[in-house]
Amino acid sequence: MLGFTILLFTISLESVSRISSACERRDTLYNIVPTTGAQVRFLRELNLKNETLDFWLLTSIIGHEVHVKVPAERNVRFLTELLSQGLNPLVASSNLSACTSGTPQKRAARYTTTESLDFTRRYLRYYEINRYIDYIGRKYPQIVTVNTIGSSFEKRPLRTVTITRNKSNKKAILIDAGIHGREWMAPASALYVIKQLVQNGDTNGDLLNNLTWIILPLVNPDGYEHSHTRDKLWRKNRHPFRRCTGTDGNRNFDFRWGEKGAARHECRQTYSGPKAFSEPETQAVRDLMLANNQIVKLYLTLHSYGRYLLYPWGYRKSLPKTWRLMDAVARAGSDAMKRSHNADYTVGGVGRILYEASGGSDDYALAVARIPIPIVMELPADEAGFHPAPEKIKPFVEEAFSGIRAMARKEKDDNRLVAWRCRNGM
Ligand SMILES: [Zn+2]
């Protein structure tokens with residue numbers, strides 16, 4: 001559970017302020033704990049049908065916190081609806097502004113030192129992530145290959161780091177991060193995995209035995225940059241449409257595209273895009289999966305937040321036949337993080353634990369790319385939600401790596417996968 005500073009709410013008309021611009025808008029973040037199945041269903045429906053509410057954290061588990069940002073003009077109606085359901089929303093944060101605070105960071109000097117690229121102390125910008133990737137590629141050419149696999153809508157190159165001791169390895173792990181711009185912990189965690197594998201070989205050497213790692217630290221650089229410079233809470237990519245901007249990449253994959261939990265309206269946070277794979281970012285991830293699906297056994301897609309390890313299906317509540325394989329790997333991760341950091345991760349199917357969401361990369365990985373173990377990792381947060389305080393980055397990425405290392409080891413040693421691939425003609 002997150003340590004929000006909770007203030008009991010009172011309905012006051014003064015809290016309803018006018019919107020004059022995005023920067024002056026003052027929204028409220030509510031923390032709600034449903035205690036009945038009916039309340040869980042009500043919140044899920046509210047998420048599906050309402051355009052203006054932004055659910056930061058939504059689960060289908062009774063007793064788990066739900067976090068939702070409510071625009072000022074929607075406040076009174078929202079509270080009235082919740083009270084009528086017997087829910088007791090608490091104000092987690094009021095006067096929430098979407099705008100970034102302070103002045104934008106100055107661009108780093110041309111010859112950035114690697115110390116200044118310490119992503120465990122602060123969130124790097126896109127160009128700094130690239131500098132780190134370049135540095136790793138230059139310094140460790142024996143085991144690291146850097147590739148550009150496409151570019152974003154605004155033409156930022158999408159770059160992968162492949163780490164291997166043997167280019168003919170038959171097993172690989174694919175990790176991507178940051179398909180949602182505002183989820184800053186995700187790219188930081190992906191970079192930390194790279195650092196641990198490449199720069200901390202003494203401790204993690206076994207993770208490179210017969211195993212190749214392909215890591216795409218930032219799927220959505222346009223959304224990430226927009227989140228750093230204009231609107232901290234920006235989730236989608238930056239593809240402009242007639243009324244609003246952005247497609248949700250994690251609703252844009254071509255498996256059960258446009259079904260439940262994916263919005264058809266371009267102004268929604270979960271807009272599925274005009275058609276499946278309409279976006280260059282999702283096309284690049286698709287091509288990366290398909291080019292490597294003969295060797296990729298585990299696909300890990302990093303998101304934030306809430307401490308969940310989830311697997312397909314997302315498009316419906318029921319589980320695939322092979323769910324036990326995924327469950328075993330996810331539980332190895334959650335057990336390890338419990339041991340190392342006393343962290344409580346919830347494990348289960350996306351559609352069951354969170355909510356139904358079609359067109360996600362994990363469903364596509366399993367159903368189309370035939371990657372046997374796709375796992376969505378929802379990283380931790382503090383009271384700042386998507387942007388934990390800089391001093392939290394280090395403990396959070398260390399926790400995540402402890403789980404990722406355990407999942408990799410579990411998968412590496414699990415021969416049941418061989419049987420699964422045989423059964424599926426792979
Ligand atoms: Zn996400």
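Structure above, values below:
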quantity	calculated
Candidate set: the range 144-181, residues that are closer than 17 Å to E128 by Cα and within 16 Å of the ligand (Cβ to nearest atom); chosen: the one surrounded by the most Cβ atoms within 10 Å (Cβ to Cβ)	G178
Pick from the range 337-382, criterion in a helix (DSSP H, G or I) and among the small types (G, A, S), ranking: nearest to T322 (Cα to Cα)	A367
So S340, is it touching a residue at least 60 places away in the same chain (Cβ under 8 Å), assigned by TED's automatic domain parsing to the domain that holds Y224, of a type in the set (G, A, S) and more than 16 Å from the ligand (Cβ to nearest atom)	yes
Hey, L79 farther than 23 Å from E225 by Cα, in contact with a Pro (Cβ under 7 Å, 6 or more places away or on another chain), at pLDDT 90 or above and not hydroxyl-bearing (S, T, Y) or not	yes
Output for the range 135-156, where each listed residue is on the phi < 0 side of the Ramachandran plot, without any contact (Cβ under 8 Å) to a residue 60 or more places away in the chain and within 24 Å of the chain's Cα centre (by Cα)	V146, N147, T148
Matching residues, the range 51-80, being of a type outside the set (A, V, I, L, M) and more than 20 Å from H180 (Cα to Cα)	S60, G63, H64, E65, P71, E73, R74, N75, R77, F78, T80
Qualifying residue in the range 29-43 (condition: under 23 Å from C244 (Cβ atoms) and modelled with pLDDT under 90)	no
Number of the condition not met by E154 [criteria: (1) touching a strand residue (DSSP E or B) at 6+ places or on another chain (Cβ under 7 Å); (2) under 27 Å from N250 (Cβ atoms); (3) outside any helix (DSSP H, G or I)]	(1)
Any chance I194 is touching a residue at least 24 places away in the same chain (Cβ under 8 Å), within 16 Å of the ligand (Cβ to nearest atom) and within 15 Å of L211 (Cβ to Cβ)	no
Pair list, Cβ < 9 Å and 6+ apart or interchain, from the range 298-323 residues that are within 16 Å of the ligand (Cβ to nearest atom) to residues that are among the polar types (S, T, N, Q) and modelled with pLDDT under 95	G306/T59; Y308/T59
Count - residues of the range 208-238 that are among the aliphatic types (A, V, I, L, M) and more than 22 Å from T148 (Cβ to Cβ)	3
Criterion (among the charged types (D, E, K, R) and away from the ligand (no atom under 16 Å from the Cβ)) met by exactly one of R286, R268	R286
Selection within the range 157-178 - within 30 Å of G385 (Cβ to Cβ) and not in a loop (DSSP other than H, G, I, E, B)	P157, L158, R159, T160, V161, I173, L174, I175, D176, A177
Qualifying positions in the range 308-331 - under 30 Å from E383 (Cβ atoms), surrounded by 22 or more Cβ atoms within 10 Å (Cβ to Cβ) and of a type outside the set (F, W, Y)	L309, L310, G314, A330
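The values are calculated or read from the model by the stated rules, or taken from the named source; none is laboratory data. Everything quoted here is computed from the prediction, not taken from an experiment. Here the Cβ is made from the backbone with ideal geometry for all residues, glycine too, and neighbour counts use every protein chain on show.
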